[in-house]
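Right, one structure below, let's go through it.
The values are calculated or read from the model by the stated rules, or taken from the named source; none is laboratory data. The shown structure was predicted, so the numbers you read here are calculated from the model rather than taken from an experiment. All Cβ positions, even for glycine, are placed from backbone atoms using ideal geometry, and neighbour counts span all protein chains on display.
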Amino acid sequence: MKFLTICLLGISVLPSVQLQKTERPSPGSACHEFAFDGRIRGGEEYSHELGGGLLLRLTPSLARPNENWGWVIQVQPRDSNDDYAWPVNPPFHFGNSQWLATGYNDSAQQQLSYEHEVFFVLNKAEYERAMKLANDALNSSDPEAAGKFLAILPTLRSAFLKLNPVKYGTTNEGKSVSWMQFSVSVTATASFQPASGMDTKNIACPWIVAEFR
């Protein structure tokens, strides 16, 4: 269980640890799916209403003035800075799927070269539960705590989005981003009401669960 704790804390990742995605459909369950496109300039913030009082936000990462290293992908309530994605996307305090910027041994250009899949929860109750379990795992002295958290993690996830950088421009040897054009697809449980104007499809829930092996 030691390597699981290491992954959760975000200190390092052992070369032998691989992230595996496995299909785990829930028979009879239904989901909503919708998509939209966006464009952003380096250093800017971006927000787009998803529905249910939630916004997709791209927040500029911490960087030297005018270097525009990229963004952090967040899902936040309209009236709060809580990040409904953070507790369900380990490793924590390390580069994970929310990181779309220079850092953690990758350049922004490398981060922009592939699709980012980000899980999130849909309401405050789900968020508070996930935060408590994540913090308990991070602060526990129990060597089994990380494994227990990863085992329950799939049950905490109510939705996911996929952000695909379609076109972009970089400078400073790929470390800085001038602009990005991107597409986003969102899948959420049927209880979630997408924002007005979204072209929504009803689909069987295609839950994809991250597992460590």
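Have a look at LEU50, LEU56 and point out the one that is at pLDDT 90 or above and either under 20 Å from GLY95 (Cα atoms) or not in a strand (DSSP E or B) (or both).
LEU56
Over 20 Å from the mean Cα position of the chain (by Cα), at pLDDT 90 or above and closer than 22 Å to TYR84 by Cα: does that describe SER185?
In short, no.
Cβ-Cβ distance below 9 Å, separation of 6 or more or different chains: which pairs start in the range 101-114 with a residue that is hydrophobic (A, V, I, L, M, F, W, C) and at pLDDT 95 or above and end on one that is part of a helix (DSSP H, G or I) and loosely packed, with under 13 Cβ neighbours inside 10 Å?
none
Could we say that GLU128 is surrounded by fewer than 16 Cβ atoms within 10 Å (Cβ to Cβ), under 15 Å from PHE160 (Cβ atoms) and modelled with pLDDT of 95 or more here?
It is false that GLU128 is surrounded by fewer than 16 Cβ atoms within 10 Å (Cβ to Cβ), under 15 Å from PHE160 (Cβ atoms) and modelled with pLDDT of 95 or more.
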